[in-house]
1. Any idea what the dipole of the chain comes to, in debye rounded to 20, about its Cα centre with Lys/Arg Cβ at +1 and Asp/Glu Cβ at -1?
2. Once you compute Rg and the Kirkwood Rh from C-alpha atoms, what is the Rg to Rh ratio for region 98-171?
3. Under the rule of -39500 (n - 2.57) per DSSP H run of 4 or more residues, summed and divided by the residues of the chain, what mean residue ellipticity at 222 nm is obtained, to the nearest 500 deg cm²/dmol?
4. When only alpha-carbon atoms are used, what values of Rg and Dmax, in angstrom, describe the chain?
5. In the chain, with Lys and Arg counted as +1 and Asp and Glu as -1 at Cβ, which of these residues, 87, 55, 442, has the Cα nearest the positive end of the dipole, that is, farthest along it?
6. Whole number please: convex hull volume per residue, Cα atoms of region 157-227, in Å³.
7. Roughly how much of residue 87 is accessible, in Å² to the nearest 10, using a 1.4 Å probe?
8. Using a basic spin-label model with each label point 7 Å from the Cα along Cα→Cβ, how many nm lie between residue 55 and residue 476?
Amino acid sequence: MLAKKTRFIVITGSIMSGLGKGIVTSSIAKLLEVRGFKVVPIKFDGYLNVDCGTMNPFRHGEVFVLDDGTEVDMDFGTYERFLNKSLSGMCSITGGKLFQRIIEKERKGEYLGRDVQFVPHLTDEIKNWVQNVGKENDADVVLVEVGGTVGDMENSYFIESMRQLYFEKHNMVFVQLTYVPSLSSGEPKTKPTQQATRLLQSLGIQPNIILTREQEKLSEESRKKISLYCSVPEEAVFDDPMVGTVYELPLVLEKQNLYKQLARQLELDPNKEPDLKEWQRRVSHIIEPKGTPLKIAIVGKYTAVKDAYISVKEALVHSAAAVNCGLDVCWVEASELEKVADISSALKQYDGIIVPGGFGTRGIEGKIKAIQYARENKVPYLGLCLGLQLMVVEYARNICGMKDANSTEFDKKTKYPVIDMLPEQQQISRMGGTMRLGAYECMISKNTIAHTAYKKEKVEERHRHRYEVNPEYVKQLTEKGLVISAIHPKNNIVEIAEWKESFGVATQAHIEWKSRLEEPAPIFVEFMKAAKTRAGQ
Ligand code: GLN
């Protein structure tokens, strides 16, 4: 039994993917959270991978990492950025995890000789999981986002288990996100929404609330049609319009009284007032920033797929909102930089340069060139994970005279392996989950950029890497002026490095993963301040 009456909101998507279900889920969660409810989101992904660790960012977008080291879908980044809360790996249910559990139980004989079936064994497993997350988090409301679209084979059994949970408990609403396309004449078409809802109804589920994505504002006529054909009251059909920034959506849905509708259907106090002032203030900084936007270059490898660096981009948005300046994120393909003869012509327009995380050889020399340019021209530099490793490689080559110094990830035979495999990773040959993953402590030295940013000596940031600064070279690097401003206390892994002559700071952790609109990553804020100063603002 649940300790208290926990409510469930199940969010499904229809017609096509990419409608922004994660942002809708996060926005609904936010409207509850700002009213003092304890909320926890769950995401179901139907793929048979156990987690996202082995997925290519080109195909799937960024792999996000939680404190406990679970590698999850990038929607978790959105949840955390909206809710300003760290989630646990239990909030991520995948097809792979479910089948792994079922098969493990079967092998242990836990099904007592029965044949193991989708219903009830798999569906029970799901219902228990979802309810346990609610219990463990002492949640008032659990939001369950169903990945994929209604009608996919991959999520059919999950949707069936949500139907059963509703049948058993009733403390649940179904929110269906749909798309209303417009013909070239401008006429909006509600038929796909009608048919998508029929599809959900044929699975035994009547949506209680419908949100529609469309190019223009949802017309009253479309709202009426959707209501009539889908059996959803007009006041429960909401407009999910194009917004300037995703962080605006909670405000937009609040104006449409979405909470009142939820409160009525879930028997929550309808008069609870939201505290959205701080959120609103930061959103207004994003929408109407002061001054000329700062041009920040992200020198990466997956720049064609912007989602591959979504947390970096969002951390920039948060920090720009915090220092109240405009932001122009510019994507620079590292492999292109390798070809340019005059690096200055390629980089001189930027107020700050970032080298984000990455794997594999392509574009590495281009990134090193960008770092050298930033250091020599005093352009504020921020390195993240690989961006720290390459900052060290550049320093070793150009300041410490270690010609061709490199990471053994890129040159196994380098004479100066300034970046090398972590000892604990060396024995592991299997792929998934073989990295230093999750939150680790960083001890920060005083009088450093890192200390100015965090204002404390001990922080925890999230990691995902196999290589680290080779301890054998730390003395030579620091003697020549590189500042090691933070280490991991247990085995002295270099966590943060800095330049002395100009603003340059790099972290072994992916500090972007803990940046939230209401609590931006402190080092990003310092970087943005430095970029602002350089731009003369
Ligand atoms: N490829 C590097 C490593 O494995 C950096 C990883 C990263 O940037 N996330 O250590």
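1. On the way: 71 positive and 71 negative charges, 97 e Å.
With only Lys, Arg, Asp and Glu charged at Cβ, the dipole is about 460 debye.
2. On the way: Rg = 13.5 Å, Rh = 13.6 Å.
We get a ratio of 0.99 for region 98-171.
3. Numbers: 20 runs with 197 residues, N = 537.
It comes out at -10500 deg cm²/dmol, rounded to the nearest 500.
4. 24.8, 75
5. Most positive-ward Cα: 442.
6. Values: hull volume 6.3 nm³, N = 71.
Output value, Cα hull per residue: 89 Å³.
7. 10 Å²
8. Between residue 55 and residue 476, the label points sit 4.1 nm apart.
The values are calculated or read from the model by the stated rules, or taken from the named source; none is laboratory data. Since this is a predicted model, take the numbers as computed values, not measurements. Virtual Cβ from ideal backbone geometry, glycine too; neighbours counted across all protein chains shown. The area values use the complete protein model at the heavy-atom level, side chains included, leaving out ligands, DNA and RNA. Shrake-Rupley method; radii C 1.70, N 1.55, O 1.52, S 1.80 Å.
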